[in-house]
Each structure stands twice: as structure tokens, then as C-alpha cells.
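Here's the structure, in C-alpha cells; my notes come after.
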Amino acid sequence: QVHVVEFGGGLVQAGGSRRLSCAAAGSVFGISAMGWYRQAPGNERELVATITSGGTANYADSAKGRFTISRNNIEKTMYLQMNGLKPEDTAVYYCNAFIRSEWNGGFRPYWGQGTQVTVSS
């Protein structure tokens, strides 16, 4: 069984910073791409940033220059450093990871339960 868990959400003032963490645990034989997504009330889930196993990152336009995605392949963790937060960044942030849960299996997407980030003006 595979578990993906996010940490680090909370309330922050506009202009402030927050660091989100994501950890994969359980039957994890490998992790390929990972990413952060977010969903604000009334909106669809949207991409924030992704990172390959080799460390290549891609960002949504809304995140460029403010957010930094990183990962630690040994510890099976991923991070999102968010600076210059704006009220429009308020959302539930989800971790996504493509994980091989069997030694000879393929990679499948797993989602965390989400962590709420609220940015006050």
C-alpha cells in the first residue's frame, strides 16, 4: 500500500512565505514525476509545478518567480517553497506522485489528501 501525505498548510499574510512538504511511504519501489496542484473553491484543480526524477522543474505562470519546487529522491519527499503569497493563492494544495508500488510494475499516479493554504489580505 502507498501513502502520499502533505504537510505545511496554514494561514499566512499576503506577502508572506510558506513551505509545503509531501512524503511518500509504504510500498514505494520508485517515484518518477511529482507535482503540486491546487484547487480553490468553485475552481477546478490546476497545476502549480512539476518536477522530474532528475530535478527538472516546470511552473504554471502564476507560480513562476515566486514558488520553488524541489525533491529528495532518497527520502521520497517533495517540497514547495512559496514566497510572495497573494490572496489568490488560497487553495487546497495537493501532492501528486507517479509511484511504482511493485518491483516489476509500472508507475501509477497517487494523490495526497490535500493541505489548506489561506492567504489573508
Checklist entry - List pairs: first in the range 59-76 and free of Cβ contacts under 8 Å to residues at least 60 places away in the same chain, second open to solvent by 50 Å² or more (accessible area, probe 1.4 Å), Cβ under 6 Å, 6+ apart or cross-chain? => result Ala60/Leu47; Arg66/Asn83; Thr68/Gln81
Next on the checklist: I'd like the full set of residues that are of a type outside the set (A, V, I, L, M, F, W, C), in contact (Cβ under 8 Å) with a residue 12 or more places away in the chain and either under 25 Å from Ala25 (Cα atoms) or open to solvent by 10 Å² or more (accessible area, probe 1.4 Å) (or both), limited to the range 89-104.
Outcome noted: Thr90, Tyr93, Tyr94, Asn96, Arg100, Ser101, Glu102
Checklist outcome for this item: Note: among Gly10, Gly15, just one is touching a residue at least 60 places away in the same chain (Cβ under 8 Å) and under 15 Å from the mean Cα position of the chain (by Cα), namely Gly10
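The values are calculated or read from the model by the stated rules, or taken from the named source; none is laboratory data. Quick caveat: nothing in here was measured; it's all calculated off a predicted structure. In this analysis, Cβ positions are derived from the backbone assuming ideal geometry, glycine residues included, and neighbour counts consider all displayed protein chains. When the accessible area is computed, the model is the full protein with side chains, heavy atoms only, and any ligands, DNA or RNA have been set aside. Shrake-Rupley method; radii C 1.70, N 1.55, O 1.52, S 1.80 Å.
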